[in-house]
Structure formats: structure tokens, C-alpha cells
Amino acid sequence: MRGKIGASLIVLHHLKYLDLSGNNLGGVGVPLPRFLGSLKSLIYLNLSSTNFDGTVTPQLGNLSRLQYLDINSCWNDNANDMQSKDISWLQRLPLLRALSLRECRLAFTYAPIVHSNLTSLEMVDLSDNGLDTLNPTKWFWHPSTIRHLDLTNNNIVGLLPDAVGNMTSLEVLRLGGNQLSDVKVSPLKNLCNLRELAFGGIPNWINRWTNLSVLQLSSNRLVGSIPQEIGMLSKLRILYLDDNQFNGYISEEHLANLANLEELDLSYNSLTAYFPRCKMGPHFPLWLKGQRDVIFLDISDAGIVDDLPDWFWTVFSNIQYMNISCNKISGRLPRTLDLTGILPQLPRHLAELDISKNSLSGPLPQKFGGPFLTDLLLSENHISGTIPSYICQLQLLSVLDLAKNHLMSSLILHNNNLSGEFPLFLLSCPQLILLDLAHNIYVGLRNNVFSGSIPVELKDLGYLQFLDLAHNRISGSIPDSLATLKAMTQDQAGEIPNEITSLVGLMSLNISHNQLSGEIPEKIGQLQSLESLDLSWNKLSGQIPSSLSGMTMLSKLNLSYNNLSGRIPSGNQLQTLIDPASSYIGNNYLCGPPVSRNCSGPEMAMARGHQDEHQPDSDVSYLYLGMAVGFVFALWVFFVTFLFVRTWRAAYFQMFDKLQCRLETSVAANFRRFPGKLYGK
């Protein structure tokens with residue numbers, strides 16, 4: 001509302017409440033109307049922010065029934081200020097209970113105050129007046145009745161008068177924004193009813209103010225450490241210690257019992273905060289939202305059972321060490337932690353991050369930020385999905401703990417400088433599906449220097465579906481224990497097979513560049529889910545199983561550089577391979593399409609002869625072995641029968657005797673004829 005106050009108001013003889021605050025009723029050179037002193041029935045008068053100019057009219061002293069008076073001259077543009085060079089008229093207001101003289105230039109007041117009549121005064125606001133001293137004979141009235149005293153933003157220096165200690169009813173005392181670096185605080189030790197304090201010093205006996213809910217010590221010159229006794233103010237909701245010269249530590253001893261604390265500001269000091277195992281929960285402490293420039297944060301085991309707030313990563317954008325582990329913090333990590341938009345990234349200078357043992361869920365962000373991370377501990381959460389390859393770009397990362405989550409279905413750690421033995425920690429990842437540790441210095445897996453046989457411990461990775469051991473020095477045969485990889489079998493509830501051909505869920509098999517020998521299993525065609533098969537650069541021999549032609553999903557086949565022989569199977573899926581001839585190169589004894597060798601030509605006959613020179617005739621060996629076994633078996637049956645069957649034994653000897661008798665008779669008869677033939681008789 002704009003304009004001037006009409007003098008017609010004086011006819012309102014019974015008017016008790018008059019509130020004109022917040023209206024533009026004055027202007028430059030427009031003083032406070034004197035006729036207001038004629039409204040003698042008023043008990044409430046609010047003229048704050050009305051833009052009047054000049055001095056406060058002493059006619060207000062005529063309002064003897066007045067209980068509330070506010071002549072705060074604050075206005076939006078601060079162009080006009082009221083002033084009170086003489087406030088002796090206040091002594092004529094014996095019923096006054098609340099008085100606000102904010103921004104009334106009381107520093108220029110010269111008239112003394114007779115305060116014996118102000119026996120009901122409870123609230124006094126003298127803030128923003130440029131006062132330089134606190135003279136109790138000039139400014140304080142009957143201290144036993146005052147409950148609210150505001151002296152904020154003056155130029156007060158020196159000692160706090162002892163008279164303040166006599167204000168035993170005082171509940172609110174505001175002394176912030178002054179120069180009270182050497183203030184004497186002992187007068188305050190008797191203010192047991194104090195609820196709100198905005199002051200220039202922290203005494204050790206502050207714990208006496210058990211009802212204190214707001215403590216504001218901002219913008220002073222306070223030095224030294226913060227006493228631990230502040231932690232005994234259990235009703236404290238707001239604590240502002242910012243913009244001072246405090247140093248030392250503030251720890252859980254300071255804040256452990258502040259269960260009702262909502263706002264805490266420690267900024268612009270030289271404090272070091274340390275809060276591990278301080279029970280600040282169950283809700284996430286909101287006072288952290290007001291912190292700035294924090295580089296070390298440890299609120300581990302703090303009993304927090306709450307969602308990670310959206311503002312968290314923004315507030316701690318300059319953090320270097322963060323530990324919020326051993327809580328029950330839930331929620332999701334941001335989809336991106338990249339500082340290219342509204343969503344924040346991990347602070348750039350962060351070196352150590354521990355948020356283990358919480359309840360964080362969702363996938364890991366594709367980009368973490370934090371290029372200087374050395375320790376990343378995310379264990380014992382509910383994080384799911386895959387591990388982003390961006391982790392491999394954290395060149396300083398030396399400690400990574402992702403245990404006991406719901407991810408690890410894929411682990412991509414290729415192209416690093418990881419070294420040492422085969423990582424046995426993988427045995428604790430039973431849900432691993434894809435494992436890629438290629439191009440490292442590990443003694444194991446693709447493009448490394450792994451030698452010996454395939455580790456039997458791989459059988460414990462029950463969910464493994466992709467296994468790449470190519471480009472190593474693995475020798476020997478494929479262990480039967482790989483058949484226990486249930487994720488590669490169709491029937492996980494059935495009996496565990498003993499051959500690799502039972503892994504009918506296998507999609508890709510690459511065991512190239514090793515020293516595997518023997519023949520390709522004949523039943524390999526049972527791997528109907530197989531899309532890629534690479535057995536190249538080994539020492540496999542024998543013929544290519546014809547069952548390969550029945551693998552309907554097969555799109556990539558590489559059998560090159562082995563010792564395979566015979567006719568190459570044809571038909572069905574093998575005819576659809578791209579550049580099929582390259583799949584068989586390096587096998588001198590293979591013939592038929594798609595290679596150029598004719599299976600009936602002289603070249604293959606010489607090749608078969610060459611093979612015979614270096615390979616034993618297994619068919620002949622089996623024939624001789626069968627004859628020997630048959631002979632021994634028949635002889636054994638014969639003797640066993642004669643040993644246990646008496647009639648057969650008697651008949652055999654009787655037949656043998658008759659045969660002997662006939663043989664002797666025949667020999668004797670022929671012998672008698674022989675002389676007659678000899679002499680021609």
C-alpha cells in the first residue's frame with residue numbers, strides 16, 4: 001500500500017490494534033505522524049518497514065496502554081532511516097512488554113533513560129544500531145523480567161556487563177555480528193533458562209543451558225577449540241559456528257548426544273572434523289548439507305538408516321577421503337557421475353572412497369569420475385548389473401572391493417597391468433558369467449603366459465558361460481571338471497556330465513593357441529547352442545567329426561593349424577560359414593571341399609602313406625589281442641569243466657582210451673603189411 005496516513009484516524013478513540021507494517025507510507029523527508037500519539041487506547045502498534053524518515057516522534061510516549069511497539073525502520077532499498085536521539089518518552093509506557101527499535105540509530109541517542117517504570121518489559125530488539133558499548137545504566141531495564149534480548153550486528157567491543165548475568169529469565173540472547181573476541185562470558189553462567197544464544201564465545205560450562213535449542217556464534221572472532229561440553233545440549237536443533245577462527249578437532253564427542261540437531265554450519269574455520277562410529281542416525285544428518293570445502297569425511301558406523309540424499313555428491317565436490325561404510329544407507333547411485341550437467345561426478349580429487357556395508361542398490365555408473373582414486377570399497381551392498389569398463393581407466397586404482405553384491409555377472413579387466421598368480425578371489429564369485437582379464441601380466445587367461453593344464457578350480461564358477469583361454473601355453477586335455485559348470489548345461493538339475501560335449505548351453509568355445517592333443521570329440525555336435533568354435537593352433541589329430549554339420553547355431557569355425565586328416569564334412573551349417581577354406585588351413589591331410597585337395601588323388605594317397613609310417617596299425621593290434629584273449633578264455637573253460645564235472649571227465653578219459661587203442665591196432669596192422677610190400681610178397 002502506498003500513500004500517506006490520514007489524520008482522520010484520530011477519531012478512532014477505541015482503536016487497540018494498529019498494524020501498518022510493510023507498507024510504503026512515507027518517503028524522503030516524511031516523518032512519523034505525530035497524531036498517532038493521540039490514539040491512547042492502543043495496546044499494539046507496528047510501524048516496521050513503513051519507509052518513514054527523520055526522528056521518532058516523542059508523542060508515542062502518550063500511549064500509556066501500549067504493550068507492543070515496533071518501529072523497525074528497515075525498508076527494501078534502505079534509502080530512509082529513522083533515528084531516535086531522545087527516547088526518554090519510553091519511561092511513560094509502564095505496560096510495555098515488547099519493544100523493537102531495530103535500525104533506529106540509537107548510537108546517537110544522548111538523553112538519559114529513567115527505566116524504573118518499565119517493569120513489564122520482556123522483549124527488547126536493539127539490533128543494527130551501531131552501538132559500541134553496553135552500558136547497563138543506559139540500555140537494560142529490570143533485568144529479571146526480560147526474556148528476549150537482541151543486540152545483533154552492532155559494533156560492540158569489550159566486556160559483557162555483569163548485569164546480563166542477572167537476567168535470570170532470559171531465554172533468547174543474540175550478540176552475533178559484534179567484535180566480542182575478548183568478551184567476558186562469566187556473567188552468563190547463571191542463565192539456566194536460555195534456549196537460544198547467538199554469542200561471541202563458547203564457555204566450558206555451556207552444558208548448563210540444557211534447554212538451548214538454537215546456538216548461533218557466526219561472524220565473530222572466536223578462537224581456540226570448541227569445548228566437548230557442547231555435546232550435552234541434547235535439545236539443540238541449530239548450531240552455527242561459521243565464520244570464526246576456531247581450530248582443532250570437532251568429533252563425535254561434540255555431537256554424539258545431539259539427536260535433535262537439524263542444522264550445523266562449521267564453515268570458514270580451521271577445524272578438522274572426525275565422526276567415525278558416531279551414532280548420528282537413523283536419518284541422514286541434514287547439517288551435512290550446509291558444509292563447504294570439506295576434504296575429509298568419516299561417518300562410518302554412524303547408525304544411519306536412510307536414503308542417500310541427492311545433494312550429497314554436490315556438497316562434497318572437493319572431498320579427498322570419504323568413508324560412509326558400515327551403515328544401512330540405501331538408494332541408488334546416480335546413473336552418471338559426470339560433471340557435465342546437473343548430475344555430479346565423484347569429486348575430482350577424491351583418493352579413497354569407502355561406502356561398503358550399506359544398502360545401496362542399482363547399477364554402477366558407467367563413468368565414475370574421480371581420476372585420482374586409489375581405493376574404491378563398495379562391498380556388501382545391493383549393487384547389481386555389470387562392472388563398467390571405465391574402472392580400467394582409473395590408472396591409480398590399487399584397491400577395488402566389490403564383494404557381496406548382486407553384480408559380477410561380467411568382469412572386464414583387460415588391458416591393465418595386473419600381475420601375479422591366477423586370481424583366486426574369483427572363486428568367491430559364484431555368479432560370474434563373463435570373465436575377461438586379457439592383455440594383462442597375469443599368469444593366466446587370454447594373451448598371457450599361462451602354462452600347464454587348465455585349473456580345476458574353474459569348476460567352482462557355477463554361472464560361468466564365457467571362458468576365453470586363448471593365446472597361452474596350456475597343454476594337456478580339457479579337464480572333465482569343466483562339466484560342473486552348470487550354466488553351460490541345459491539341465492542344471494540332472495546328473496553332472498563327465499564330458500565337455502554335455503555343456504549344451506555353451507555359446508562360445510575358444511581354446512586356441514595351446515598344445516592340446518588327441519581327437520575332437522565325436523559328440524561335439526551335441527553343443528547345439530555353440531555359435532563360435534576355435535580350436536586352432538593346437539596338436540589335434542584324427543578326422544573332423546561329421547556331427548559338426550548338425551550344429552545349426554554355428555557361425556564361426558576355426559580348426560586351422562592342427563594335424564587333422566580325412567574328408568571334411570559337408571552340408572547344412574558348414575556350408576554357410578564365411579571364407580570356410582581359412583577354417584582348415586595348416587592341416588596337410590584334410591581333403592575335399594572347401595580345400596583344393598582331392599581325397600582320391602595321388603597326393604592324398606602319399607599323405608596317407610606318410611601317416612602310416614608315423615602311426616601304429618591299430619586295427620591289426622586289436623585283431624591279435626582279440627585272438628589271444630579268445631584262446632585263453634576257451635582253454636580256461638575247458639579245464640574248469642573237467643575239474644568240476646565228474647561224468648564229463650570219465651567220458652573224456654574213456655574216449656581217450658578208445659582212441660589210443662584204435663591208434664595202436666591200426667599202427668600194428670600197418671606194420672605187419674609193411675615187410676611184405678618191401679620184399680614183393
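To the nearest whole percent, what portion of all C-alpha pairs in the range 522-591 is separated by more than 16 angstrom?
Within the range 522-591, distances greater than 16 Å cover 42 percent of Cα pairs.
Computed from the Cβ-Cβ distance with R0 of 60 Å, the FRET efficiency linking Ser8 to Leu286 stands at 0.70. The 3J(HN,Hα) values that the Karplus relation (6.51, -1.76, 1.60; θ = phi - 60°) gives for the range 373-387 are, in residue order, 4, 10, 10, 10, 10, 10, 5, 6, 10, 10, 5, 10, x, 9, 8 Hz. Gly and Pro appear as x.
Under 5 Å between amide hydrogens, built in the peptide plane, is the criterion, and for Leu32 it picks out Asp53, Thr57 among residues at least 5 positions away or on other chains.
Tally Lys and Arg at +1 and Asp and Glu at -1 over the other residues with C-beta under 14 Å from the C-beta of Gly37: what net charge comes out?
Taking every other residue near Gly37 into account, the sum is +4.
Here the spin labels are modelled as points 7 Å beyond Cα on the Cα-Cβ line, and at Met553 and Leu95 they lie 9.4 nm apart. Taking amide H as placed 1.01 Å from N in the peptide plane, Leu360 has its amide H under 5 Å from the amide H of His382, each at least 5 places away in sequence or on another chain. Extension gain for the segment Ala259 to Thr647, taken as residue separation times 0.36 nm less the Cα-Cα distance, is 128.9 nm to one decimal. For the residue pairs Lys367/Lys556; Lys328/Lys367; Lys404/Lys523; Lys4/Lys85, alpha carbon separations beyond 31 Å are given by Lys367/Lys556; Lys404/Lys523.
Every number here is computed from the coordinates shown, using simple stated rules; none is lab data. What you are looking at is a predicted structure, and each value in this text was computed from that prediction instead of being measured. All Cβ positions, glycine included, derive from the backbone under ideal geometry; neighbour counts span all protein chains shown.
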